[in-house]
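Contents: one structure, followed by commentary.
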C-alpha cells in the first residue's frame, strides 16, 4: 500500500509500505478515504532530524472499516469511522474520568511503531474508543 513518510525536515515521501493488518484482537482495519494535515504534521517539517527509517504521518482520518478483531463489539465491517487526533483505550483511570487524550495506554498515530493516518489502510488500535462512528453504514452517505 502507499503511505506518507517524513524522513526529516522538508523530506516527505509517498512510498510503498507493508499492508496494514490486524495485530491485536482489539484492532480494526480501516480503508482510509480522507486524511487531514494538522499542525502537528507540519511542525517537524522544518525541524525534524534526518532519519534513515522515517516516520509515518497523519492521525486525523476517516474511512470504512474493512475488518475487526475478535474482541471488537462497537463497530463492524462497513461502518464509516473517524479517528480523532490521539488514540486511547477507554479503560484506564484517566479515560474513565473523560481524559482520553491523557490515556495511560494511548498515544499519537504515526509514532512508536503505530501507523499514521495518511496511508491507504491503517490498523487502528483500541478501536472501541479510538474510532468514532458517526453513522452505522457508509452506504447511507456515500
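Of everything listed in (1) over 28 Å from residue 79 (Cβ atoms); (2) at pLDDT below 90; (3) assigned to a loop (DSSP other than H, G, I, E, B), the single unmet condition for residue 53 is (2).
The sole residue among 68, 81, 77 that is closer than 17 Å to residue 31 by Cα and exposed (fewer than 14 other Cβ atoms within 10 Å of the Cβ) is 77. Determine whether residue 104 is in a helix (DSSP H, G or I) and modelled with pLDDT of 80 or more. No, not satisfied.
This table checks each residue for (1) in contact (Cβ under 8 Å) with a residue 60 or more places away in the chain; (2) more than 12 Å from the chain's Cα centre (by Cα).
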residue	(1), (2)
2	yes, yes
9	no, yes
12	no, yes
17	yes, yes
21	yes, yes
24	yes, yes
27	yes, no
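The values are calculated or read from the model by the stated rules, or taken from the named source; none is laboratory data. Given the structure is predicted, the values throughout are model-derived calculations rather than measurements. Counting neighbours? That spans all protein chains shown, and the Cβs are built from the backbone with ideal geometry, glycine included.
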